[in-house]
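Novice: Handing you a structure now.
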Amino acid sequence: MSTSTDPTATTGAAGALEAVKVYGEGDTEVRALDGVSVSFDRGRFTAIMGPSGSGKSTLMHCLAGLDRLSSGRVFIGDTFLDELNDARLTELRRDKVGFVFQAFNLIPTLSAAENITLPMDLAGRKPDQGWMDQIIGIVGLADRLSHRPSELSGGQQQRVAVARALASRPEIVFADEPTGNLDSRSGQEVLGFMRYAVSDLGQTIVMVTHDPNAAAYADRVVFLADGRIVDQMDQPNAERIIDSMKRLGS
Amino acid sequence: MFRIALKDLFARKRRLVTTGIAVVLGIAFLTGTQLLSVTLSDSIKSLVGDVYSGFDSVVRSPRTQETPFGQPIRTLVPDSLVDEVAGVDGVRAAAGVVESPGPQVVGDDGKVLGGGFGPPTLVYNWIDDDALRIGVLRDGRAPGADTEVVIDFRTAETLGKQLGDQVDIATTQDGVRAYTLVGISGLGDDGSQSTGARPLLFTTAEAQRLVNQPDQFNYVVAGATDGETQDQLAGRLSQALPEWQVLTGAAFTAESQEQISQFVGILEIFVSVFGWVALFVAIFIIYNTFSIIITQRTRETALLRAVGATRRQVVVATLVEAVVVGLIAAVLGLLAGLALAALLLVLLSGFFTIASTTPGLTPGVVLLAVGIGVGVTVLSAVIPAIRSSKIPPVAAIGEVSLDRSGISTSRKVWGALLIIGGIALIGTGLAQVGPNPLFQVGGGAVAILISVAVILGPLLAAPVSRVLSAPFAAGGRVAGRLAGENAARSPKRTAATAAALTIGVTLVTLIAVVASSIKASADDAINQSVRADFVVATASLTSFGAIPPGSAEAIRDTPGVAEVSPVRFTLLRLLDPVGVAEASSTPTTTVPAGQLGAPPDAPVGQDDFALGIDPATWFDVVDAGELQGSPADLVAGTMAVDRKYASDRGWRLGDRIPVYFVATGVQQIEVAVIYDQPLGQAGIWLPLSTFEPNTLPLFNVDNQIFVTTEPGADTAQVQRDLDARFADLPTVQVQDLQEYVESQTGPINVFLGIVYGLLGLAIVIALIGIANTLSLSVLERTRELGLLRAVGMTQRQLKRTIRIEAGIIAIFGTLMGLVIGILFAIALTVAIAADNPGVLQFRLPVVQLLVIVVVAAGAGVVAALLPARRAARMDVLEAVSST
């Protein structure tokens, strides 16, 4: 438990310490994460950026308890994920983590409302009706609740996904290219909700993206390349991000 | 294109296995029974050939009565015929043969050996001539006195008896009597073989006495002098004895072998029906599997089309896949069939000698297996293959979506046609309108069962699934809710999966309902029409004729007994116009080569059962309803007839009906009484004054004795007294009315047990189908399941979801089968009742049907175990990140 002395472990909503993820062996070995230490502050919106193969998705998957590290540690709140078995990890995802994926976020057989309350239903908990109404109002879905995903547009589907991620008041929400499949207008709406959830509701969000315009909604951007953190930027805007990416690319 | 199809196939071996299992099981059953029956009938034929190998000629009566049990009953020949035969030129030796059932061997436990449906116990007389005697003496000597017996080695082993020991034999003459074991016999050159039957060899006089045929033989056999052929000898004998039937030894053997082949053939047909049912079920499963696979391969197929594959090539690729699956399954099925046959042969060899326990593989069986395996698989894959060819190339870049299309118009039309056609076929079949009623009913049933998969199932699947899932989803439990929606999302798939189960359950339900109706009707009929308090009856079918003569008189002397009325039983042939017309429509037997002399004596007519009754007491022990005519009119040469039976044949009181008796030939029997309420199967009751002179000694024994007690008598004491009277005869039972009902309906239970066991196979195949569909569905829903796991569904919850889905499909299929089975049973009972009022009344076996539902649902959950485990073990990350 020597790493618990690291100050990041106590202040962040989630983070990684010397995280290493290796795929393959010998000649085919790939180090997707090569000693990443990072902490995500509570109540902030962080974007993780980097070129393809930089390890940004792997980092997010490990942080969210979807994948395990080869070495190093990841934590959410005061829980170290690498100490949990599958059942406990599942409970942690259900109760402490919200997810927004790039596509295929919703269960096709359930209505929008059922999709939103899914994690709580799985836990056998009653959703807080006031909070539910508030979230549904924010994402503007009040009149779509009984619809199935196939009856919603791509933008509406992502808004349902954001609502689901927020509904159980998780410690942290992970978003993996949440606007990757959307037109720019719908994408801006979804990013707007996420921004609002952080600023006005105090939610913590970590988003993986390769779109500088999307990253510009964040409070902080972390740049990854070849499995390492190579740069950070607070209060970013699109131009600075593009500049930074150009530097990294050259 | 071939290479692509094959590569794809072998890249997914598991799919190949699950698709093929249904075919493997069906083929195994079909070929297994074929192989078994071929080997079995070869074995028995060679044994029979061996048994009669010493006979050069057989001389017997031309007068026979056909029976429903296989061998016809033949009148006896007198003692004197032996000398007549012996006096003919070319005859080296002649002997009369006694070959009759009757006495039974009693074990140390006081019970009859081999009661029930086993091979018979037969009495033979000892013949000194080695060639003319049946069997070889292995040990000891011939019976020299009336108290000595020779038994076969298997019976001796079973009893644990040695030479010199006493063997108890139940006889009608003396009760159980001890005979001294003086010899042990067997079949074959060295006496080491056995047909399973139990021959008891006595002195000729004792044998004749025990089977009630004094101074008479069943037939006379002759051995030829050196240089005389069988044909020459038979020719000489038929000239010398024109009034008798003469057969060469070869013809006699061939006739016996033919009868055995027929029996084995019937068994084979009976068992292979279940193989066909299994294959019918398999068709649904294969169709379903291919449909799902093709949906899942949409992108791949579209890509092939985009790079230039023609529609034809796409169809061919799928069919090649089907041929390969079919071939592999056929070969595996054949191997399983061989194993099955070998296993059964080893089991059977414990009962009688089997030449080889290795089933002989014939080219015919191989062709059957391959033909049916490939045929069924390709047939099942044709529609999915054609559908796959309609995938447009542009689908290569779209999302792969589930087949959630509604029910097309053509499907509705076909479904409606199937239902209407099926009902019409069953209706006409049951009403006996049309060329082949049996095939009409069968075809109609198949049409309706297919309609379950085509139209009824898909229409009902979604609403029924949601209703069934409601209890599991109560209180907002997601697993139940998701399971219901998953079963409902693709109604055609759910319906096709459930339909496989529906078939098996339909058949089980139909049989259960019909059996319970038959039992209930028999129960009612006996309770309504039998007034007797006790029935003295033989313990089993094989102890026919075991009630000793004089028993009725003895019972009458028992204190508290009021009336005693014995019943006998026989076969006769009706020569009235209805009977002649009925018989003319069935093929007549031809005289086989090697049979000479007098032609068969029996005129064309319809065979039926009749009871022999004592008119003075019979109408006191049974309630025959209203009578036309009086029991006093039942004198010699008359009969009583059931009202319905008489009106069907146009018989009226006073009519004289020509009837053929095997013992006395054609007699004119007058209808003297018409009664209202039948008892069991026999519509004709002959007073003993008609019965006795006209039937063979075999039948001239009391088969049952009905007993009533005096008012106020202590019935329990009467039963104890009666039991005591028959205590030394294990072949005879004193039954109260309830026991009598059970003994009359008992054989139905044995039959039911066998049928349920065999139909279980169809249900097992259906469950494999459910497992298969679920596995493929799980694969198809990888992303979705990954998402569920990502947002917090535990492995347990996921397994539960899949188990509930399986349970819903299984219950859905079972309920459809239950409803259809009950409807079929109603149709059948209505049709039978319309023809024979009061014979069959509809009765639902509620408890049994509930058990069927619970077992099927439980089995569905078991079928889900593997797919559920696979789904739960799925790597979440791989699932959510796969595209």
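Novice: Under 5 Å between amide H atoms, partner at least 5 residues away or on a different chain: which partners does residue B:607 have, H built in plane at 1.01 Å?
Specialist: Those lying under 5 Å, H to H, from residue B:607 are B:574.
Novice: Further question: Rg and Dmax of segment B:499-584, using alpha carbons, in Å: what are they?
Specialist: Expressed in Å, the Cα Rg and Dmax of segment B:499-584 come to 20.6, 63.
Novice: Further, regarding this structure: Mind listing the long-range amide H neighbours of residue B:623? Cut-off is under 5 Å, sequence gap 5 or more, other chains count too, H placed in the peptide plane at 1.01 Å from N.
Specialist: The answer is B:530, B:531.
Novice: If you don't mind, another one. P(r) for segment B:153-266, please, calculated from all Cα pair distances in 10 Å bins and given in %.
Specialist: 10, 27, 33, 23, 6
Novice: Counting helices only, and only those DSSP H runs with n ≥ 4, report the 222 nm mean residue ellipticity of chain B as the sum of -39,500 (n - 2.57) divided by its residues, in deg cm²/dmol to the nearest 500.
Specialist: Mean residue ellipticity at 222 nm (helix-derived): -18500 deg cm²/dmol.
Novice: Still on this structure, please answer the following. Which of B:600, B:817, B:631 sits farthest toward the positive end of the charge dipole of chain B, with +1 on the Cβ of Lys and Arg and -1 on the Cβ of Asp and Glu?
Specialist: Value computed over the given set: B:817.
Novice: Counting every Cα pair in the protein assembly as shown, what percent are over 39 Å apart?
Specialist: Percent of Cα pairs beyond 39 Å in the protein assembly as shown: 63.
Novice: Run the dipole for chain B about the Cα centre, Lys and Arg Cβ at +1, Asp and Glu Cβ at -1, nothing else charged, and hand back the magnitude in debye, nearest 20.
Specialist: Dipole magnitude for chain B comes out near 8060 debye.
Novice: Sticking to Cα atoms, compute the Rg of segment B:15-153 to one decimal and its Dmax as the biggest Cα-Cα distance, whole number, in Å.
Specialist: 21.9, 77
Novice: Take the Cβ-Cβ distance between residue B:180 and residue B:844 as r, set R0 to 60 Å, and report the resulting FRET efficiency rounded to the nearest 0.05. Provide the component values of the computation, followed by the final result.
Specialist: Working: r = 57 Å, r/R0 = 0.95.
After rounding, the FRET efficiency stands at 0.60.
Novice: Also, I was wondering about something else. Listed highest first by mean packing, meaning other Cβ atoms within 10 Å per residue, what order do B:810-816, B:234-240, B:869-875 come in?
Specialist: My ranking of the peptides, most packed first, is B:810-816, B:234-240, B:869-875.
Novice: While we're looking at this one, here's another question. Just to be sure I understand: if I project the alpha-carbon convex hull of segment B:547-728 onto a plane and average over all orientations, what area do I get in nm²?
Specialist: Approximately 13.0 nm², given one-decimal rounding.
Novice: Moving on. Could you give each residue of segment A:29-36 its phi-based ³J(HN,Hα) in whole Hz, using Karplus coefficients 6.51, -1.76, 1.60 with θ = phi - 60°, and x for Gly or Pro?
Specialist: With coefficients 6.51, -1.76 and 1.60, one gets 5, 10, 9, 5, 10, 10, x, 8 Hz.
Novice: For segment A:179-236, just list the percent of Cα-Cα distances falling in each 10 Å bin from zero outward, please.
Specialist: 21, 51, 26, 2
Novice: Which value results when the Cα radius of gyration for segment B:99-212 is divided by 2.2 N^0.38 Å?
Specialist: 0.95
Novice: Right, next: Return the inverse of the average 1/r over all pairs of distinct C-alpha atoms in chain A, which is the Kirkwood hydrodynamic radius, in Å to one decimal.
Specialist: 18.5 Å
Novice: Residue by residue, what Karplus-based ³J(HN,Hα) values in Hz, rounded to whole numbers, does segment B:164-181 have, using 6.51, -1.76 and 1.60 with θ = phi - 60° and x for Gly and Pro?
Specialist: x, 6, 8, 10, 7, 10, 7, 10, 7, 6, 10, x, 6, 10, 8, 10, 8, 6
Novice: Could you tell me which residue out of B:611, B:571, B:683 lies farthest along the dipole of segment B:547-728 toward its positive end? Charges go on the beta carbon: Lys and Arg +1, Asp and Glu -1, centred on the Cα centre.
Specialist: B:571
Novice: Pick out, from B:203, B:182, B:106, the residue whose Cα sits farthest towards the positive end of the charge dipole of segment B:99-212, with +1 on the Cβ of Lys and Arg and -1 on the Cβ of Asp and Glu.
Specialist: Of the options given, the answer is B:106.
Novice: Compute the semi-axes of the equivalent ellipsoid of segment B:80-144, taking the square root of 5 times each eigenvalue of the Cα gyration tensor, and list them largest first in whole Å.
Specialist: 31, 15, 10
Novice: Mind checking the full-extension length gain between residue B:580 and residue B:414? Use 0.36 nm per residue of separation minus the Cα-Cα distance, one decimal, nm.
Specialist: Full extension from residue B:580 to residue B:414 adds 55.3 nm.
Novice: Additional query: Report the Cα-based extents of segment A:129-177 along its three principal axes, largest first, to the nearest Å.
Specialist: Its Cα atoms span 31, 29, 14 Å along the three principal axes.
Novice: How shielded is B:478-490 by partner chains, expressed as the average number of their Cβ atoms within 10 Å of its Cβ atoms?
Specialist: Averaged over the peptide's residues, the number is 3.
Novice: What are the aspartates and glutamates whose alpha-carbon lies under 17 Å from the alpha-carbon of residue B:45, with same-chain residues fewer than 8 places away excluded?
Specialist: In chain and number order, the partners are B:189, B:255, B:258, B:268.
Novice: Now, a different point. Treating only the Cβ of Lys, Arg, Asp and Glu as charged (+1, +1, -1, -1), what charge dipole size does the protein assembly as shown show about its Cα centre? Round to the nearest 20 debye.
Specialist: 7280 debye
Novice: Percentage of Cα-Cα pair distances in segment B:702-777 greater than 21 Å, rounded to whole percent? Each step should come with its number before you reach the end.
Specialist: Details: 1604 of 2850 pairs.
Every Cα pair in segment B:702-777 considered, those over 21 Å come to 56 percent.
Novice: From the alpha carbon gyration tensor of chain B, can you work out the equivalent ellipsoid semi-axes (sqrt of 5 times each eigenvalue) and give them in Å, largest to smallest?
Specialist: Whole-Å semi-axes of the equivalent ellipsoid: 60, 34, 27.
Novice: Right, here's the next one. Ordered by residue, what ³J(HN,Hα) values in Hz, to whole numbers, does segment B:43-51 give under the Karplus form 6.51 cos²θ - 1.76 cosθ + 1.60, where θ = phi - 60° and Gly and Pro are x?
Specialist: Those phi angles translate into 4, 5, 4, 5, 5, 4, x, 5, 4 Hz.
Novice: While we're here: What residues qualify as long-range amide H neighbours of residue B:360, i.e. H under 5 Å apart, gap of 5 or more or another chain, H built at 1.01 Å from N?
Specialist: B:39
Novice: Any number yet on Rg/Rh for segment B:277-341, C-alpha, Kirkwood?
Specialist: Rg/Rh: 1.12.
Quick note: the coordinates plus some simple rules give every number you see, no bench work behind them. Small disclaimer: the values here were computed from a predicted structure and weren't measured. Reconstructed Cβ throughout: ideal geometry from the backbone, glycine too, with neighbour counts over all protein chains shown.
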